[in-house]
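Notes follow the structure.
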Amino acid sequence: MPERKPYQGPARKLVLAFDVGTTYSGVSYSILDPGEPPIISWVTRFPATEHTGGNSKIPSIVYYDKEGTAQAFGGEALQESIIEKAEDEGWVELKWWKLHLRPKNMPSIHVSDHDIPVLPPSVTAMQVLSDFMRYLFKCTKTYFEETHASGREMWQSFENNIDFVLSHPNGWEGPQQTQIRRAAVLAGLVPDSPEGQMRIQLVTEGEASLHFCLGSANTSDSFNEDQGVMVIDAGGGTIDVSSYYMTMSPTKTFQEIAPAECRLQGSVFVSTRARQFLHEKLSGSKFGTKEDIDQMTGEFDKTTKHRFSNPTEPSYIRFGTVRDRDVAFNIKSGQLKLPG
């Protein structure tokens, strides 16, 4: 892996990077020591993911109660006990809430607010972002204190001067960036002051992806001088495309050679189209009920769409028991066959 340049700052500092995605979110961090190259680490343990041996990402899911107070986040929101309590107490599950922050002029003729789960009446998208960042910060603090020697003392030494790097889709400009900064203040990450705002750095997802590629041994060696490179970040809600030109003189630099593009064509919309496809395909089947379609779409989202590799091979969606069968609709042994 290419060695990073030594940190030139005057004092030790902690930097946290929040990647709040439409479907999944994560946190990375670096302790900057003067004169030393930065080492990037990831938060690999969150609540309700311990049994998996660690996971660097959590679902971007939040449950709100009837008063508009957040009650469960991430992997915790998928626990059976939380799902049962949410149903009993009338909590609202929010998925894809990040898309409510999108610029209304972003090219998205296939998407409207009706396609995105509705926010509770008393809750705004900026509030959800704020609540979620507060949760990520809390999880990061716990992880840091438990995994570093003298972690609690180290965290206390950094706590009031942490820098934050917050990523956002390429197409998000002034109004969206203002909301992100405001959400960081409401989350308690930084104080509501000019000094607090100076501790926040916003980067586009395209730029963040480029830096990730530069830091990866698998891709950094493939960059040649005077060569263009296109970075495609296919995420949950958006697909971000950025194009750069690399020069080596006097130092390695990348210049943007085309306007960055952002399209609302992320993976959640693949699942949305799958739901519509299944609804139409099974309209004459006894398995065309809302409950069955919901179960099939969930299974498609978790497994089937991740296995797409050969357009000539069939795909399967398991949804029922071995007794579930409707040969006319390619359903056998509780699974639907989709021809290639």
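Only one of Glu36, Glu76, Glu80 is out of contact with any His (no Cβ under 7 Å at 6 or more places or on another chain), among the charged types (D, E, K, R), over 30 Å from Cys213 (Cβ atoms) and in contact (Cβ under 8 Å) with a residue 12 or more places away in the chain; which? Only one candidate qualifies: Glu76. Checking each residue in the stretch 67-119 for being exposed (fewer than 12 other Cβ atoms within 10 Å of the Cβ) and either farther than 18 Å from Gly237 by Cα or at pLDDT 95 or above (or both) picks out Glu67, Glu80, Ser81, Glu84, Glu87, Asp88, Glu89, Gly90.
Take the conditions (1) farther than 25 Å from Pro194 by Cβ; (2) modelled with pLDDT under 95; Asn161 misses just one of them, which is (1). Among the residues of the stretch 102-110, at least one is assigned by the TED database to the domain that holds Trp42 and either more than 23 Å from Asp240 (Cα to Cα) or among the β-branched types (Val, Ile, Thr) (or both).
Filtered by the rule that a residue be of a type in the set (A, V, I, L, M) and either assigned to a loop (DSSP other than H, G, I, E, B) or in contact with a Phe, Trp or Tyr (Cβ under 8 Å, 6 or more places away or on another chain) (or both), the stretch 323-340 gives Ile331, Leu336, Leu338.
With the condition kept exactly as written, say whether any residue in the stretch 132-141 is of a type in the set (Ser, Thr, Tyr), part of a strand (DSSP E or B) and surrounded by 12 or more Cβ atoms within 10 Å (Cβ to Cβ). Before the answer, list the steps.
Start the filter on the stretch 132-141 by keeping residues that are of a type in the set (Ser, Thr, Tyr), which leaves 135, 140.
This time we only want the ones that are part of a strand (DSSP E or B), so: none.
The answer is no, given that none of the residues of the stretch 132-141 is of a type in the set (Ser, Thr, Tyr), part of a strand (DSSP E or B) and surrounded by 12 or more Cβ atoms within 10 Å (Cβ to Cβ).
Count of the stretch 33-84 residues, restricted to those that are in a loop (DSSP other than H, G, I, E, B) and more than 23 Å from Ser267 (Cα to Cα), is 20. For the stretch 192-205, residues that are in a loop (DSSP other than H, G, I, E, B) and more than 17 Å from Leu129 (Cα to Cα) total 3. Of the helices (runs of 4 or more DSSP H) lying entirely inside the stretch 206-306, those carrying at least 3 residues that are loosely packed, with under 11 Cβ neighbours inside 10 Å are 290-302. Determine whether the stretch 277-292 contains at least one residue that is in contact with a strand residue (DSSP E or B) (Cβ under 9 Å, 6 or more places away or on another chain), over 29 Å from Thr304 (Cβ atoms) and aromatic (Phe, Trp, Tyr). Checked the stretch 277-292: no residue is in contact with a strand residue (DSSP E or B) (Cβ under 9 Å, 6 or more places away or on another chain), over 29 Å from Thr304 (Cβ atoms) and aromatic (Phe, Trp, Tyr). Taking the stretch 253-286 as the range and being under 20 Å from the mean Cα position of the chain (by Cα) and of a type in the set (S, T, N, Q) as the test, the residues that pass are Gln265, Ser267, Ser271, Thr272.
Out of the residues in the stretch 308-322 that are under 16 Å from Gly288 (Cα atoms) and part of a loop (DSSP other than H, G, I, E, B), which is farthest from the chain's Cα centre (by Cα)? Across the stretch 308-322, the extreme among qualifying residues is Thr321.
I'd like to know if the stretch 301-312 contains one or more residues that are over 30 Å from His100 (Cβ atoms) and charged (D, E, K, R).
Within the stretch 301-312 (the criterion being over 30 Å from His100 (Cβ atoms) and charged (D, E, K, R)), the answer is yes, since at least one residue qualifies.
Please count how many residues of the stretch 155-175 are farther than 14 Å from Leu16 by Cα and hydrophobic (A, V, I, L, M, F, W, C).
1
Reported count of residues in the stretch 142-178, each being part of a helix (DSSP H, G or I) and either touching a Leu at 6+ places or on another chain (Cβ under 6 Å) or surrounded by fewer than 17 Cβ atoms within 10 Å (Cβ to Cβ) (or both), is 19. Checking each residue in the stretch 136-195 for being touching a residue at least 60 places away in the same chain (Cβ under 8 Å) and among the basic types (Lys, Arg) picks out no residue at all.
The set of residues from the stretch 120-142 being closer than 16 Å to Val190 by Cβ and hydroxyl-bearing (Ser, Thr, Tyr) comprises Ser130, Thr140.
The values are calculated or read from the model by the stated rules, or taken from the named source; none is laboratory data. None of these values were measured; they are calculated from a predicted model. No Cβ is skipped: glycine too gets one built from the backbone with ideal geometry, and neighbour counts run over all protein chains shown.
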